[in-house]
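Trainee: Below: one structure in structure tokens.
The values are calculated or read from the model by the stated rules, or taken from the named source; none is laboratory data. This is a predicted model, so every value here is computed, not measured. Here Cβ is always computed from backbone atoms with ideal geometry, including for glycine, and neighbour counts include all displayed protein chains.
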């Protein structure tokens, strides 16, 4: 059985013994450092894919869009204070406007933010900001402040939420997601704004784009738009001070440079054309959460008609069929979702849980094991334990239950109870 304690946990348990001072690669200031550069890179590399998966997975319908984002990102990375970091850039299949960076230069931007931007300079502003977070080691700094150094919570990633239509929510353990989705301090934000604007300028972009974005974000935050509050504002809180500081620096550097509206609109045209389908998906999610299942089914069918290659749509329709008690139809849709995006743990997980409910143990075991290979979950280990019991694999059942019991909560309690029975 694959262990749920990846090597990053060992790193987190040992770094407390390695305290020392280092120089911030961006600001040149001396600061306390508990995480070495090697550990920083290892954590980012190991957590990059699982964190992507917990945030919707890759936007695979338009691979050229990721190529474009990568081109812009690498242009900025080359003029950064740490051009040697192994930078990576990915577009995530998530409607929430957000972008994030993991230690070591692992960066992601949601399609929900890309559709809000107007030109390449604004995209450069977002990416440069995230590059500074990575280059200035802000994620590593937050780690050493005690946010995630907790060996007892390591490894279980996600849990099912109380609201089934919220899908999968973060538990206390996914290291990368905790770093990526935690709120930055105002100092970190101001630092990333300032140096990000300098990176933009050095790469030939108009720094005024960064001012425009902060003005927009501040206006939206005052209007309390829910999607922004859940995304960018939760991790990158805007402020009047940030707007003024950006404006001042842009004036010093000179508001001129490449804007790239035409190229941006052209390279994001496919994404924008798909937006009505994702709007229908969001409508279906909302209707399902309100228990209006027939209406939700109609909405998700509309999304599938608009874009039949999107695995996310079939996964939601499968969950709606599950709620209506139509498990055979759910099986067909989960199979379709997995066939379209087999790497996505969530689709494997839902498929496995549905197969288990239909008493197809071999199919359930296969999909649950596949899911846990990518992102380990308490529900995955718990149900693998149930399957092992039914198949007479008592020792494996003990291991699965012991693992799931570490999650705490209702799932952990159920696992502990079942483990005690076996003992």
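Trainee: Of the residues that make up segment 254-273, is at least one in contact with a helix residue (DSSP H, G or I) (Cβ under 6 Å, 6 or more places away or on another chain), without any contact (Cβ under 8 Å) to a residue 60 or more places away in the chain and either buried (at least 17 other Cβ atoms within 10 Å of the Cβ) or assigned by TED's automatic domain parsing to the domain that holds residue 198 (or both)?
Mentor: yes
Trainee: Kindly establish whether residue 196 is at pLDDT 75 or above, touching a strand residue (DSSP E or B) at 6+ places or on another chain (Cβ under 7 Å) and within 16 Å of residue 122 (Cα to Cα).
Mentor: Numbers: at pLDDT 75 or above: yes; touching a strand residue (DSSP E or B) at 6+ places or on another chain (Cβ under 7 Å): no; within 16 Å of residue 122 (Cα to Cα): yes.
Here the answer is no, as residue 196 does not meet what is asked.
Trainee: Go through segment 64-110 and give me each residue that's out of contact with any strand residue (DSSP E or B) (no Cβ under 9 Å at 6 or more places or on another chain) and more than 22 Å from residue 199 (Cα to Cα).
Mentor: 64
Trainee: Given the criterion buried (at least 24 other Cβ atoms within 10 Å of the Cβ) and modelled with pLDDT of 60 or more, identify the matching residue among 185, 95, 125.
Mentor: Working: 185 fails: buried (at least 24 other Cβ atoms within 10 Å of the Cβ); 95 fails: buried (at least 24 other Cβ atoms within 10 Å of the Cβ).
After ruling out the rest, the residue left standing is 125.
Trainee: Would you mention how many residues in segment 60-92 are closer than 20 Å to residue 119 by Cα and either in contact (Cβ under 8 Å) with a residue 60 or more places away in the chain or part of a helix (DSSP H, G or I) (or both)?
Mentor: Keep residues of segment 60-92 that are closer than 20 Å to residue 119 by Cα, which gives 62-77, 89-92.
From the residues that got through so far, the ones that are either in contact (Cβ under 8 Å) with a residue 60 or more places away in the chain or part of a helix (DSSP H, G or I) (or both) too are 62-77.
So the count comes out to 16.
Trainee: While we're looking at this one, here's another question. Only one of 356, 297, 349, 316 is surrounded by fewer than 23 Cβ atoms within 10 Å (Cβ to Cβ), in the same structural domain as residue 411 (by TED's automatic domain parsing) and either in a helix (DSSP H, G or I) or at negative phi (or both). Can you tell me which? Spell out how you get there, then give the answer.
Mentor: Details: 297 fails: in the same structural domain as residue 411 (by TED's automatic domain parsing); 349 fails: surrounded by fewer than 23 Cβ atoms within 10 Å (Cβ to Cβ); 316 fails: surrounded by fewer than 23 Cβ atoms within 10 Å (Cβ to Cβ).
Result: 356 is the single residue among 356, 297, 349, 316 that is surrounded by fewer than 23 Cβ atoms within 10 Å (Cβ to Cβ), in the same structural domain as residue 411 (by TED's automatic domain parsing) and either in a helix (DSSP H, G or I) or at negative phi (or both).
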